[in-house]
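These notes concern the structure reproduced below.
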Amino acid sequence: MKAPFSWLKDYVDINITAQELAEKLFSCGFEVEELSYLGEKITNVVVGEVKSLTPHPDSDHMQICVVDCGEEYGRELQIVTGAPNVYVGMKTPCALDGSTVVESNPAMLEKNPDGIKKIKKGKLRGVESFGMLCSGEELGINDDFYAGAEVNGLLDLEKDVPVGEDIKKVVGLDDWIFDISVTANRPDCQCILGIAREVAAVLGKPFKAPNYSYTAHKTNAAPVEVEVLAPELCPRYVGHYVENVTKTQSPAWMRKRLALSGIRSISPIVDITNFVLLEMGQPMHAFDADDIGGRKIVVRRANNEEKITTLDEKEFTLTQDNLVICDGTKPVALAGIMGGLNSEIKDTTKNVFFESAKFARDNVRKTSRALGQSSDSSSRFEKGVDAYTNAYGMARALHLIEELGCGKVTDMQADVCAVSLKPRKMTASVEKINALLGIEVPESEILAILSRLNFKPEIDGDALQVEIPGYRDDVDGYPDLAEEIIRMYGYDHVVPAFMPS
């Protein structure tokens, strides 16, 4: 599970370094397998402003620039560039003498296998150059990180960016990425929100939940009926109709969040489904509603020899062991794995039907392996997606529809549920918990820890009563509560002792 430091800060006020947070996560049971700095390859690159341009005396395309990089780095640095889009007044990344950038020349990668290019002062056709002006490619970024990063030429920065500023802070490379090992019993933490909840608990900080609010408008569209014929494989299916979808570009903050996780922006509707997947761990799918035959969604086992072509244009022959999402006539998605090509979101899409569901993990795993087809969604479903998150994931997506202004949320919805959504309650013995741990944890600590973990604890004598959060399917008995308590209280409190004879 990869979590950008900056994204975690959206939900928790983190006042420690990334390295300190990695240690805190390890102490509460989450191993950070790798902590990497996003701007590791970029050093000594600052914002420069082109003050003047002079044609190179021995080149028909190069120009000699005088660049202001601020008081600390030099107000009048001479730099030669052949970029076609340079102009007086342009603010652009300036790699100073001794700096490093990303090697963008494929032919040079054999000499620089680490992908790092070193910049030194030198002469270009007889004219001294004390650095290099940079493109987005030389910073290793694309348009999702910073608008204009993919143009053929220098990266044209915003005019209000101060000269001399570290370029990593300007384009979003001043960030850390946590690669966290999530154990099989904690599928709720295979998302940014899950890790953020743990961070809030271990730091004793308030958790700032995302916004789930939206306004549903009455629609005159014909209803889309939802029927689940295999509830054992699909315990919950939530659907919602959104109309008047517009083809715009997702905002910079969303494109940046997706880019930090290695996903390119496609369109607002698709970006929202990817964002909710990463943020909340809820895989979602958006169907072109006007392509849903018979205005009906049916979740059923596939017929033997039934065929489907998925979004990546691969055709599969199915069996009754596979679960499919169908419209009134045909399969339109391979449940939990990938949508069908016949219902994809297109440039002409006007209305969409959002899907947020829980599929049986073993069925998704078997289907994925049998067909040799996997996706980010299937990897989540294989580990487990709880029914609690289905509705919250949908609400989050609908809120983002309104926030981005890319569609109109309607009052047409469906929620077919075969499982109880009532909060599970448990009573455990404090004495048994302490006996299992081999130490006596103060009652005040037990209450504080379980409160931070959203268990709503109460102690009456020896009886510890809790309400298990809907996203914690793994908690089933007092040993699980003991584990929650000790990982937050600290394993260093455990006193080694011999087993009783």
Is it true that SER265 is surrounded by 23 or more Cβ atoms within 10 Å (Cβ to Cβ), touching a residue at least 60 places away in the same chain (Cβ under 8 Å), within 21 Å of the chain's Cα centre (by Cα) and over 21 Å from VAL385 (Cβ atoms)? no
Given the structure, is VAL50 outside any loop (DSSP other than H, G, I, E, B), at pLDDT 95 or above and of a type in the set (Val, Ile, Thr)? yes
Counting just the residues of segment 1-42 that are assigned to a strand (DSSP E or B) and touching a helix residue (DSSP H, G or I) at 6+ places or on another chain (Cβ under 9 Å), which one comes out surrounded by the most Cβ atoms within 10 Å (Cβ to Cβ)? ALA3
Within segment 160-179, take every residue that is part of a helix (DSSP H, G or I) and touching a residue at least 12 places away in the same chain (Cβ under 8 Å) and give me the one that is surrounded by the most Cβ atoms within 10 Å (Cβ to Cβ). ILE167
Just one listed residue, out of ASP411, ASP415, ASP476, is surrounded by fewer than 19 Cβ atoms within 10 Å (Cβ to Cβ), over 30 Å from VAL245 (Cα atoms) and among the acidic types (Asp, Glu), and it is ASP476
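Could you tell me which of the residues VAL238, VAL199, VAL182, VAL226 is touching a strand residue (DSSP E or B) at 6+ places or on another chain (Cβ under 8 Å) and either crowded, with 21+ Cβ neighbours inside 10 Å or within 25 Å of VAL475 (Cα to Cα) (or both)?
VAL238
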Here the qualifying pairs (Cβ atoms under 6 Å; residues six or more apart or on different chains; first in segment 433-452 and of a type in the set (Asp, Glu); second outside any loop (DSSP other than H, G, I, E, B)) come out as GLU440/ASN434; GLU443/ILE459; GLU445/TYR489
Which of the residues that make up segment 57-69 are part of a loop (DSSP other than H, G, I, E, B) and modelled with pLDDT of 95 or more? CYS69
All conditions in (1) modelled with pLDDT under 95; (2) within 30 Å of TYR11 (Cα to Cα) are true of LEU277 except (1)
I'd like the full set of residues that are within 14 Å of GLY477 (Cβ to Cβ), among the polar types (S, T, N, Q) and surrounded by 13 or more Cβ atoms within 10 Å (Cβ to Cβ), limited to segment 421-445. SER429
Mind checking which residues of segment 320-366 are in a loop (DSSP other than H, G, I, E, B), open to solvent by 60 Å² or more (accessible area, probe 1.4 Å) and more than 13 Å from HIS285 (Cα to Cα)? GLN320, ASP321, THR329, LYS330, LYS346, ASP347, THR348, LYS350
When only residues in segment 420-433 that are at pLDDT 95 or above and outside any strand (DSSP E or B) count, which is nearest to ALA463 (Cα to Cα)? VAL430
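So, in segment 492-501, of the ones that are part of a loop (DSSP other than H, G, I, E, B) and without any contact (Cβ under 8 Å) to a residue 40 or more places away in the chain, which residue ends up most open to solvent (accessible area, probe 1.4 Å)?
PHE498
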With the first residue restricted to segment 474-491 and required to be under 19 Å from GLY194 (Cβ atoms), and the second required to be charged (D, E, K, R) and not in a helix (DSSP H, G or I), Cβ contacts under 7 Å at 6 or more apart or on different chains are ASP474/ARG186; ASP480/ASP474
Might you let me know whether segment 124-135 holds any residue that is of a type in the set (A, V, I, L, M), at pLDDT 95 or above and under 36 Å from the mean Cα position of the chain (by Cα)? yes
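The values are calculated or read from the model by the stated rules, or taken from the named source; none is laboratory data. What you see is a predicted model; the values in this text were computed from it and never measured. Counting neighbours? That spans all protein chains shown, and the Cβs are built from the backbone with ideal geometry, glycine included. What goes into the accessible areas is simple: the full protein's heavy atoms, side chains included, and nothing from ligands, DNA or RNA. Shrake-Rupley method; radii C 1.70, N 1.55, O 1.52, S 1.80 Å.
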